[in-house]
Amino acid sequence: MEILCMNEKIDYTHIPAKVNYYSNKSFKIPAHWHTNIELEYVVRGRVHITKNGKTRWMGAGECSIIDSGSVHKLRAASDDTVEGISLIFSNEYLKQICPDFENLSFDLGHCAEKKRLFYDTIEELFYIHKKHCEIKRMKDSDEGTYDFLLENSYIQQILYLMMNNFIQKDKPLQQRHAQITGQNQRIKLCVDYMEEHYHENISAGEMADRTGISREYFSRCFKKYTGTTFCEYLNNLRLSSAFRSLVSSKNSILDIAMESGFPDQRAFVRCFRIRYNCSPSEYRKQLKKHKKSQIVHKPVNNCEEFINSRSYNRDEANLSFK
């Protein structure tokens, strides 16, 4: 099973966390890990969550805090439409208030009397952010809105409740698999560099030179640290950037490919087709043909999954992707 390491680069000029609202039957996030602390809260339906090999179902009104470095994946129940919210906290912000945040572990059972307030605060943020998404979709712009100020106040309260009430003092040793020391520190610096410069012409050889080790040893260490190869990780970064541009801009396929760091349009189309089972232009055509009924926050696995997540009659769409 491929495990992705995708540290979230979050612009916390206005808010200390990236907030994602999701609502569809095809909600699915594959196994991955990052050093960010993440919070998942379900408002409607059921979500199956796996953290470090332990699985459980989260129902409406339930929450899970994913510690830094924990391998995790999520998916909606196949017969359920889910609605919920994810908060991915900025590492840069957390370092300011808790330099050792990567070693924190959270247990929601530690302070039962504060748990209800914690959940209520998250749910308030959910409805505020959902409304914000709906307004943004109708206006196709954030101009003139200051919802981020209200969202920020709730995120700060959520962080306060988390840090003040739910920190587990003694984090189990087996959960510290992502603690970064020695050679891993060098690889982490390379990963950080890649996430800032993925749009440039960078190579495994260049990264190996940065760490002062051979390319072969660098490749082995990189895969051990991230769970994937250097090229796969770099392509994932570029593809994630290209997907966002594809669904949110009118830029040409060539411009998107070049801006995201692909060497040419052919390489972008090839990677996109492997991931989504269609070309970028076909994907964009479906977006134009069928007006989005919900905000797309994360790339789906393929066009068929995208189509299944839309609220229209699929028979009328007469779509065929092979």
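The values are calculated or read from the model by the stated rules, or taken from the named source; none is laboratory data. These figures come from a predicted structure and were not determined experimentally. When we count neighbours, we look across all protein chains shown, and the Cβ atoms used for this are built from the backbone with ideal geometry, even at glycine.
Some notes on this structure:
- Residue in the stretch 96-108 that is crowded, with 17+ Cβ neighbours inside 10 Å, in a helix (DSSP H, G or I) and at pLDDT below 90 present: yes
- Evaluated against (1) at pLDDT below 95; (2) closer than 20 Å to Phe106 by Cα; (3) within 19 Å of the chain's Cα centre (by Cα), Arg56 falls short on exactly one condition, (3).
- Looking across the stretch 239-272, the residues that are of a type outside the set (A, V, I, L, M), in a helix (DSSP H, G or I) and crowded, with 21+ Cβ neighbours inside 10 Å come down to Phe243, Phe268, Phe272.
- Ile49 vs. criteria farther than 22 Å from Tyr198 by Cβ and modelled with pLDDT of 90 or more: yes
- Within the stretch 224-238, restricting attention to residues that are touching a strand residue (DSSP E or B) at 6+ places or on another chain (Cβ under 8 Å) and among the aromatic types (Phe, Trp, Tyr), the residue that is surrounded by the fewest Cβ atoms within 10 Å (Cβ to Cβ) is Tyr225.
- If the condition is being surrounded by fewer than 17 Cβ atoms within 10 Å (Cβ to Cβ) and in a strand (DSSP E or B), then the stretch 49-84 contributes Thr50, Lys54, Thr55, Arg56, Trp57, Arg75.
- Single unsatisfied condition, Asp209 versus (1) outside any helix (DSSP H, G or I); (2) surrounded by fewer than 18 Cβ atoms within 10 Å (Cβ to Cβ): (1)
- Residue among Lys288, Lys292 that is at pLDDT below 50, closer than 28 Å to Glu134 by Cβ, among the charged types (D, E, K, R) and in the same structural domain as Leu237 (by TED's automatic domain parsing): Lys292
- The listed residue being out of contact with any strand residue (DSSP E or B) (no Cβ under 7 Å at 6 or more places or on another chain), in contact (Cβ under 8 Å) with a residue 40 or more places away in the chain and surrounded by fewer than 16 Cβ atoms within 10 Å (Cβ to Cβ), out of Asn201, Asn277: Asn201
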